[in-house]
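J.: Questions regarding the structure given below will be posed in turn.
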Amino acid sequence: MKDEKLKILKFPDPRLRTVAVKVDKFDKSLENLAKGMLALMYKENGIGLAASQVDKHIRLIAMDLSEERNEPMFFVNPEYKIVDNHSTDSYEEGCLSVPGFNETITRPDQIELSWQDLKGNHHNIVPTGLLTICIQHEMDHLEGKLMVDYISPLKRDRIRKKLSK
Ligand code: GNR
Ligand code: NI
C-alpha cells in the first residue's frame with residue numbers, strides 16, 4: 001500500500017509489544033516507509049521513530065539528531081554490543097508513544113553499533129552522545145520494549161491510566 005497514512009501507536013496499545021522481524025528486501029517499499037516515517041517524525045518533533053511505533057513490525061528506524069532537522073538517518077537491522085556494562089549515563093527521555101511523560105533512564109553509554117542502510121550496505125561505528133541513547137531507545141521499540149518498562153510498576157500504571165482515558 002503506497003499512500004497509506006501512518007499513525008503513531010500509543011501506550012498501552014498491545015501492538016507496541018510486537019517483536020519486529022529483520023528486513024530482507026531493500027526495495028522501493030522499504031524506502032517509501034522510511035521516508036513516511038521521517039516525515040511523521042519531523043511533524044511530531046521527534047528525534048527518532050521506530051517502525052514498530054507506526055504498526056509496521058520490521059527492523060527499521062528513522063532518526064535526526066540535528067538542531068536544523070536536516071540530517072536524516074536510517075538504520076535497518078541495527079545491532080549493538082555493550083562494550084562496558086558498568087559505564088552508564090542517565091538522560092531524561094521522552095517517547096512519542098508515551099506522550100506527555102518524560103523519565104530519566106540509565107543506559108550503557110559504551111556500545112558498538114552496526115546496521116544496514118536503505119540500500120542494504122553495512123556500517124559499523126562506536127556512537128557518541130545522544131546517538132548512543134536514542135539508538136537504544138529505538139531498538140527497544142523493535143523488541144516491543146518501552147521507556148515505561150524501566151520505571152516502577154506503580155508509576156507505569158499511573159501513566160497507563162492517564163493515557164487510557
Ligand atoms: O523524540 C524523542 N525524543 C527522545 C528524547 C530522549 C531519548 C529518546 C528520545 S526518542 C523520542 C521519539 C520516540 O519516541 N522514539 O521512539
Ligand atoms: Ni519512543
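J.: Which loop-located GluC sites (Glu not before Pro) does the range 1-73 contain, where loop means any DSSP state but H, G, I, E or B and the Cβ has at most 14 other Cβ atoms within 10 Å?
T.: Glu4, Glu44, Glu67, Glu68
J.: Give the shape of the chain as rounded, prolate or oblate, defined through the alpha-carbon gyration tensor: a ≥ b ≥ c are the square roots of its eigenvalues, a/c under 1.5 means rounded, and otherwise the shape is prolate if a/b is larger than b/c and oblate if not.
T.: The shape class here is oblate.
J.: Translational diffusion coefficient, Stokes-Einstein: compute it for the range 17-90 using the Kirkwood radius over C-alpha pairs as Rh, at 4 °C and 1.567 mPa s, and state it as an integer in µm² s⁻¹.
T.: Reported coefficient: 96 µm²/s.
J.: Let me ask something else about it. Along its principal axes, what span do the Cα atoms of the range 103-156 show, with the longest given first and each in whole Å?
T.: Sorted largest first, the three principal extents are 44, 21, 12 Å.
J.: So what's the gap between the Cα centers of the range 1-67 and the range 123-145, to the nearest angstrom?
T.: So the two Cα centres are separated by 15 Å.
J.: Now for a separate question. Arrange Met139, Met41 by Cβ neighbour counts within 10 Å, fewest through most, would you?
T.: Met139, Met41
J.: I've got another one for you. Among the complete DSSP H segments of the chain, which ones combine at least 18 Å of alpha-carbon extent along their axis with a mean Kyte-Doolittle hydropathy of 0.0 or more?
T.: Correct list, ordered by number: 28-43, 129-142.
No value in this document is a laboratory result; all are computed from the given coordinates. Predicted model, so just to flag it, every value in this text is computed and none were measured. Backbone-built Cβ (ideal geometry, glycine too); neighbour counts: all protein chains shown.
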